[in-house]
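See structure below.
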Amino acid sequence: MSSLQPMSLSQLVGDEAFIPPEWDRDIQHIVTDSRDVSKGDLYLARSGQATHGEVYIDQAIDAGECLPPV
């Protein structure tokens, strides 16, 4: 697995959305499984076969101090 440099949230979204300066921080990984969240990760809640990932947002935030979804 290759190692990528962290990217700020504002760099990630570019001109697609405004990120307030107080929310902008480096993103280490983009994660879709709340059980895999680590500090600095951005959790993307998406629809699964049995449930929607939004059910696990609080768990993801607590588990890894990840950025909350916007």
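Potential lengthening of the chain between V55 and V13 amounts to 12.7 nm, from the contour at 0.36 nm per residue minus the alpha-carbon distance. Taking amide H atoms as placed 1.01 Å from N in the peptide plane, the amide H of V31 lies under 5 Å from those of L42, Y43, L44, each 5 or more residues away in sequence or on another chain.
Values quoted throughout were computed directly from the atomic coordinates according to the rules given, and no laboratory measurement underlies them. Since the structure is predicted, the reported quantities are computational estimates derived from the model, not experimental observations.
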